[in-house]
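Beneath this line is the structure, given in structure tokens, with notes to follow.
The values are calculated or read from the model by the stated rules, or taken from the named source; none is laboratory data. The shown structure was predicted, so the numbers you read here are calculated from the model rather than taken from an experiment. Methodologically, a virtual Cβ is constructed for each residue, glycine included, from the backbone with ideal geometry; neighbour enumeration extends over all protein chains shown. Each accessible area value is taken on the protein alone, full model and side chains, heavy atoms only, with ligands, DNA and RNA left out. Shrake-Rupley method; radii C 1.70, N 1.55, O 1.52, S 1.80 Å.
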Amino acid sequence: MEFGLIERIRARVATRDDVVLGIGDDAALLQPPPGAQLAIATDTLNVGVHFPPGTAAADIGWKALAVNLSDLAAMGAEPAWCTLSLSLPEPDPSWLDGFLDGFLDLAARHRIALVGGDTTRGPLSVCVTVHGLVAPGRALRRDGAVAGDDIWVSGGLGDAA
């Protein structure tokens with residue numbers, strides 16, 4: 001199951017010049033620009049908890065990446081790379097293609113490269129880890145907020161549910 005799914009994913013992903021080694025090895029090799037700091041965020045989405053059973057695969061793919069990109073944006077970081085851990089009850093190439101349609105469409109819009117991850121058999125679960133770049137001292141941290149600061153949101157609060 002695993003190698004067929006990995007090859008199906010690898011065939012569809014775009015890359016970036018700073019990806020030295022992407023999908024297919026034990027780990028990815030990435031080259032951050034000199035002087036940049038890495039911002040890293042991870043979110044897991046489980047069927048029945050974060051999306052109802054029967055949700056369109058493309059919508060799950062989009063949401064899995066979107067919740068992570070939101071965390072990078074909150075820190076003021078520019079998206080660069082991501083990994084995807086995907087647990088499926090059984091291999092389903094059609095479902096995977098739909099998932100990748102949503103996931104990779106959003107990835108292309110933000111120039112974020114999928115560089116690795118994991119696939120396994122189990123209840124439907126998606127875990128994405130994003131890596132972004134931010135100039136030293138420029139990360140927007142929660143502990144930097146002070147009374148009177150503006151708070152900005154995109155879309156409606158709670159829409160991700």
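Within 10 Å, count the other beta carbons around each residue, average over each peptide in 83-95, 61-73, 44-56, and list them highest first.
Numbers: 83-95: 15.2, 61-73: 20.8, 44-56: 12.9.
Answer by packing, highest mean first, reads 61-73, 83-95, 44-56.
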Problem set entry | D97 versus L157: modelled label distance in nm, points set 7 Å from Cα along the beta carbon direction | 4.2 nm
For this session: With a 10 Å radius around each residue's Cβ, average the other Cβ atoms per peptide and rank 144-153, 24-33, highest first.
Result: 24-33, 144-153
Exercise. With labels modelled as points extended 7 Å from the Cα through the Cβ direction, what inter-label distance (nm, one decimal) is found for T44 paired with D143?
Worked result: 2.7 nm
Exercise. Which of the helices in the chain meet the span-like rule: DSSP H, Cα axial reach of 20 Å or more, Kyte-Doolittle mean at least -1.0?
Worked result: 57-75, 93-109
Exercise. Per residue, how many Å² of accessible area does region 11-61 show with a 1.4 Å probe?
Worked result: 63 Å²
Exercise. Considering only protein heavy atoms and a 1.4 Å probe, what is the carbon-and-sulfur percentage of the accessible area of the chain?
Worked result: 54 percent
For this session: Starting with the highest mean, order 115-125, 131-141, 100-110 by the number of other Cβ atoms within 10 Å, averaged over the residues of each peptide.
Result: 100-110, 115-125, 131-141
Exercise. Whose amide H sits under 5 Å from the amide H of A113, counting only residues 5 or more places off or on another chain, with H placed in the peptide plane?
Worked result: W81, C82
Exercise. Got the relative contact order for region 64-161 handy, in percent, Cα pairs under 8 Å and 6 or more residues apart?
Worked result: 43 percent
Exercise. Karplus couplings for region 117-127 from phi (6.51 cos²θ - 1.76 cosθ + 1.60, θ = phi - 60°), rounded to Hz, Gly and Pro as x?
Worked result: x, 7, 10, 7, 8, x, x, 4, 8, 10, 10
Exercise. Between R10 and T55, what FRET efficiency follows from the Cβ-Cβ distance if R0 is 22 Å, with the result rounded to 0.05?
Worked result: 0.30
